[in-house]
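**Q** Let me give you the structure first, and then I'll get to my questions.
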Amino acid sequence: MFVDREGSTTLAGGQPVRDAAQEAARVIGHVTQCDGSKATIIATSAGGEAHENGFWSVGRFISISLPESRIVGLVQDVRVDGGWSAEGDNRMFIQMELVGEVRDIPNRGPVFDRGITEYPHVGAIAHRIRQRDLAAVYELGGLDTIAIGTLSQDANLQAHITMSRTLSRHFAVVGSTGVGKSTAVSLLLHKAVEARPKLRVLILDPHNEFSSAFPGICNTIEVDGLDIPFWMFRLEELVEVLYRGRDPVVEEVEVLRDIIPMAKAASRGGATSSLLRAADQSGITADTPLPYRLADLMRILDDRMGLLESKDMRPIYKSLRQRLDSAIRDPRFRFMFGSRIAEDNITNAVGRLFRIPMNGKPVTCLQLAGVPSEVVNSVVSVVARLAFDICTHAKGGLEMLLLCEEAHRYVPSDPSLGFEPTRYALARIAKEGRKYGCYLGVVTQRPGELDPTILSQCSTIFAMRLVNERDQSIIRSAISDSSASTLAFLSSMGQREALAFGDGVATTMRLKFETLKSDHIPGTTTARTDETAETHFDVNLPMIIEKLRSGGQEPTEEELFMNRSAAPAPATTGMEQRPSLAKLMPEYETAPRLVRRNDGRLFGAVGDE
């Protein structure tokens, strides 16, 4: 890396040139070929100067000096003509991808522009990029920049992103398991909250790991405290719960569509008959978020079942009632059906989910690990729909970021999988949310299994190490052609390293995220160290069994006492004793004798006939 020194010479335009003390033969190359997007450079390197050879390595930026500008390129390929000589000079062929050019502007210094206006000629001098030119490549032009780490090429330069574009145009963090994805997300969220104090963040956390990463500013909602009443679900979301992800019965769905508005009208004091479909329910539909009692819904269903003319529909009514009973009695669905009172608590539920008012805690961590897998899609659909609607009606007075961890579970690429309302709710945020202050953050380890529509709407992508070829191809299709060569490093990047590209950065950037504080690392409170595993090896089996029976709810002391099994019987020595058939047969005073009947069958008889 060139560093300006006192006494260095300059050209007429003020462009600094190499210090005479630097050995030109070791660090200078010359252009021998250029085709408009790539250039080939020949350089000579001494075999014993390994530290000089490293400046021509793959992935580094180099510069080509022209009279009015300096062309910036990225090294793609390096090879040596013939074998390597440790004693003499070696001829190296370097192929570089042209990225842009740097010009010196009076009173501003070096300014980088993407694209090339003046291409290098054959024989132009190529050298390591100067530090100030490298800083100009990633300069964001005075926007609200936030430092999130350092450049992989030069640890002395900070890596900056513009937070407003990253949030408002949505972002994605992709990478294989174990590369530091969750840590990177925690860092980005901390930076976002610091830069935008009015921002609210809702994390959909399927592994219950993020609540510990935001001490003092996070409101954690566990399964025990989750309260999303069933009447806040739309009909299609409620059907997803009742049928547990299976194809619904069309006739039963139509019955629900018919009787739910009646139950809502009855809960509001309406005098609607439960036997006939009301012509006017004051605009109430099955999707209107109004509270109603399940008892009213069951009563209407029972009344219809008892009608004489409903004989053909009776099996459908009976099946639907059984489905409702099953869901109501399932302990895993307490967050939906737990309340016995039809209370209009939508204000409290929404305020708690989306931190309105904020009260110094802008982050909400919705822990979904205890929510049944077949119901998670419905819960995410409700939350995403409410987030968009609230921001829409707030008319710019609210900024909200919805972060979807393991997003490929909610919006898979296969249209036959997943839940269509969830896909629609998240896609609506991705397409229209920035107009109303509703932003989307996507985190996934399998971008190849994520809906392309969602990923294409994320204008800033942080791609960490990806090994799967299909996942790499998805990222390759999202990056510009001029930076496509940088994706060659996706499978070999180190921990906490990422390729950042899109609207949130000036140009494609390989960076290393800064180190987080220990209390900001996700999952630190739930992870067990080796020392803890050695000292605490006992498992409370009665508590685990009771949690299985109660759908993940914390058991009471009485439940634990009732679940304690009797002490196991002492082990017996020798072979296991099994009861013989003789012991299982009844005892008679006289032995039974066989009697043949007229049809030829034998029967046992006791005593004389």
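The values are calculated or read from the model by the stated rules, or taken from the named source; none is laboratory data. Keep in mind that what you see is a predicted model, and the values were worked out from it rather than measured. Methodologically, a virtual Cβ is constructed for each residue, glycine included, from the backbone with ideal geometry; neighbour enumeration extends over all protein chains shown.
**Q** So which of 172, 184, 135, 159 ends up being farther than 30 Å from residue 468 by Cα and not in a loop (DSSP other than H, G, I, E, B)?
**A** Of 172, 184, 135, 159, the one residue that is farther than 30 Å from residue 468 by Cα and not in a loop (DSSP other than H, G, I, E, B) is 135.
**Q** List every residue pair whose Cβ atoms sit under 8 Å apart, with the two residues 6 or more apart in sequence or on different chains, where the first one lies in the stretch 27-45 and is free of Cβ contacts under 8 Å to residues at least 60 places away in the same chain and the second, anywhere, is basic (Lys, Arg) and buried (at least 16 other Cβ atoms within 10 Å of the Cβ).
**A** 44/26; 45/26
**Q** Would you mind stating whether residue 164 is under 29 Å from residue 333 (Cα atoms), in a helix (DSSP H, G or I) and assigned by TED's automatic domain parsing to the domain that holds residue 494?
**A** No.
**Q** Checking the structure you have, find out if any residue of the stretch 399-410 is over 23 Å from residue 195 (Cα atoms), under 28 Å from the mean Cα position of the chain (by Cα) and surrounded by fewer than 21 Cβ atoms within 10 Å (Cβ to Cβ).
**A** Checked against the condition, which is being over 23 Å from residue 195 (Cα atoms), under 28 Å from the mean Cα position of the chain (by Cα) and surrounded by fewer than 21 Cβ atoms within 10 Å (Cβ to Cβ), the stretch 399-410 yields at least one hit.
**Q** The conditions are (1) out of contact with any helix residue (DSSP H, G or I) (no Cβ under 8 Å at 6 or more places or on another chain); (2) outside any helix (DSSP H, G or I); (3) touching a residue at least 24 places away in the same chain (Cβ under 8 Å), and residue 486 fails exactly one of them. Which is it?
**A** With (1) out of contact with any helix residue (DSSP H, G or I) (no Cβ under 8 Å at 6 or more places or on another chain); (2) outside any helix (DSSP H, G or I); (3) touching a residue at least 24 places away in the same chain (Cβ under 8 Å) applied to residue 486, the lone miss is (2).
**Q** Within the stretch 168-196, restricting attention to residues that are out of contact with any helix residue (DSSP H, G or I) (no Cβ under 8 Å at 6 or more places or on another chain) and of a type in the set (Val, Ile, Thr), which residue is farthest from residue 495 (Cα to Cα)?
**A** Looking at the filtered set, the residue picked out is 193.
**Q** Got a number for residues in the stretch 83-121 being under 24 Å from residue 131 (Cα atoms) and part of a strand (DSSP E or B)?
**A** Selection size over the stretch 83-121: 20.
**Q** Quick check on the stretch 147-160. Is at least one of its residues among the β-branched types (Val, Ile, Thr), touching a strand residue (DSSP E or B) at 6+ places or on another chain (Cβ under 9 Å) and outside the structural domain of residue 514 (by TED's automatic domain parsing)?
**A** Taking every residue of the stretch 147-160 in turn, at least one turns out to be among the β-branched types (Val, Ile, Thr), touching a strand residue (DSSP E or B) at 6+ places or on another chain (Cβ under 9 Å) and outside the structural domain of residue 514 (by TED's automatic domain parsing).
**Q** Do the conditions hold for residue 492, that is, is it among the polar types (S, T, N, Q), assigned by TED's automatic domain parsing to the domain that holds residue 193, in a helix (DSSP H, G or I) and surrounded by fewer than 19 Cβ atoms within 10 Å (Cβ to Cβ)?
**A** Details: among the polar types (S, T, N, Q): yes; assigned by TED's automatic domain parsing to the domain that holds residue 193: yes; in a helix (DSSP H, G or I): no; surrounded by fewer than 19 Cβ atoms within 10 Å (Cβ to Cβ): yes.
Judged against the criteria, residue 492 is not a match.
**Q** Could I ask something else about it? Condition (residue is without any contact (Cβ under 8 Å) to a residue 60 or more places away in the chain and on the phi > 0 side of the Ramachandran plot) applied to the stretch 175-194: is it met by at least one residue?
**A** For the stretch 175-194, residues without any contact (Cβ under 8 Å) to a residue 60 or more places away in the chain and on the phi > 0 side of the Ramachandran plot: present.
**Q** If you go through the stretch 476-484 one residue at a time, do you hit one that is within 16 Å of the chain's Cα centre (by Cα), surrounded by fewer than 23 Cβ atoms within 10 Å (Cβ to Cβ) and closer than 27 Å to residue 183 by Cβ?
**A** Looking through the stretch 476-484, none of the residues is within 16 Å of the chain's Cα centre (by Cα), surrounded by fewer than 23 Cβ atoms within 10 Å (Cβ to Cβ) and closer than 27 Å to residue 183 by Cβ.
**Q** Taking the stretch 64-82 on its own, how many of its residues are surrounded by 13 or more Cβ atoms within 10 Å (Cβ to Cβ) and outside any loop (DSSP other than H, G, I, E, B)?
**A** 12
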